[in-house]
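Accompanying notes for the structure given below.
The values are calculated or read from the model by the stated rules, or taken from the named source; none is laboratory data. Model, not experiment: these values are computed from the prediction. Heads up, the Cβs are rebuilt from the backbone with ideal geometry, glycines too, and the neighbour counts pull from every protein chain shown. SASA here: full protein model, heavy atoms, side chains in, ligands and nucleic acids out. Shrake-Rupley method; radii C 1.70, N 1.55, O 1.52, S 1.80 Å.
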Amino acid sequence: ELHYAGAYNPLYIIRQKHEPLEDQLRNYLSLETESYQLLELKGDRQPIAIYISESEFNTKKVRLLKGDTLYLFSDGFIDQKGGKDNRKFMSKNLKKLLLEIHDQPMIDQKRYLEKTLEAWMEGQSQMDDILIVGVRV
């Protein structure tokens, strides 16, 4: 069982679509293909550090299944500007990208993400730290 509490950034779980989602997980469904579904466990809208109106973080619990792929990340990839209109990459594009590559070996995913980001930036400087962690159950 996974317990997740986040500060701003979500956790993505990509799961095979072989059986219906449990009621609790339907609320997390964000994107799906014919064979897979991406669940998004959103983080709380507060930082980890001292904050003006601090409150307890909400913990979400999910029963993991063999084959689930989990992704945690900083906002650097989705906030990176580039493309033809010099816009942010955006989370919807990262979700689609991860759904396309999640079943590949992790080292190949890393290379694909790096190439995608490099092409997106079109020679521009990196704006922020970029971290993506992927784990397969």
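Less than 12 Å Cβ to Cβ from residue 91, Lys/Arg counted +1 and Asp/Glu -1: what total charge do the surrounding residues give? Let's see the in-between values first.
Numbers: positive: 42, 88, 92, 95, 96; negative: 40, 75, 79.
Every neighbour counted, the sum reads +2.
If each residue of separation counts as 0.36 nm, what is the full-extension length gain between residue 92 and residue 32 once their alpha-carbon separation is subtracted? If you can, show how the numbers build up before the last one.
Values: separation 60, 0.36 × 60 = 21.60 nm, distance 1.18 nm.
Between residue 92 and residue 32, full extension yields an extra 20.4 nm.
Classify segment 57-96 as rounded, prolate or oblate from the Cα gyration tensor: take a ≥ b ≥ c as the square roots of its eigenvalues, call it rounded if a/c is under 1.5, otherwise prolate when a/b beats b/c and oblate if not.
Values: a/c = 3.93, a/b = 2.16, b/c = 1.82.
Judged from the Cα gyration tensor, segment 57-96 comes out prolate (a/c at least 1.5, a/b above b/c).
Counting only protein heavy atoms and using a 1.4 Å probe, what share of the accessible area of the chain belongs to carbon plus sulfur, as a whole percent? If you can, show how the numbers build up before the last one.
Numbers: 4390 of 8820 Å².
Exposed carbon and sulfur together represent 50 percent of the surface.
According to a simple spin-label model (label point 7 Å from Cα along Cα-to-Cβ), what is the distance in nm between residue 45 and residue 128?
Going by the 7 Å Cα→Cβ label model, 1.6 nm.
So I have (1) 22; (2) 48; (3) 53, and one of them is percent of Cα pairs over 28 Å apart calculated from this model. Which one is it?
Label (1) holds the value from this structure.
Between residue 16 and residue 114, what's the calculated FRET efficiency when r is the beta-carbon distance and R0 is 30 Å? Round to 0.05. Present the calculation step by step, with values, prior to reporting the outcome.
On the way: r = 26 Å, r/R0 = 0.88.
With R0 = 30 Å, the Cβ-Cβ based efficiency is 0.70.
Return the distance in nm (one decimal) between the two label points of a simple spin-label model at residue 106 and residue 59, each offset 7 Å from Cα along Cα→Cβ.
The answer from the label model is 2.4 nm.
Among 60/84; 95/115; 61/115; 42/88, which pairs are too far apart, with a Cα-Cα distance over 28 Å? Present the calculation step by step, with values, prior to reporting the outcome.
On the way: 60/84 38 Å; 95/115 16 Å; 61/115 34 Å; 42/88 20 Å.
Those over the limit are 60/84; 61/115.
Report relative contact order for the chain in percent, whole number only (criteria: Cα-Cα under 8 Å, sequence separation at least 6).
30 percent
Where in the chain lies the longest segment free of GluC sites (Glu not before Pro) that are both loop residues by DSSP (not H, G, I, E, B) and have at most 10 other Cβ atoms within 10 Å?
Numbers: sites that count: 1, 22, 34, 54, 56.
Longest stretch, sites excluded: 57-137.
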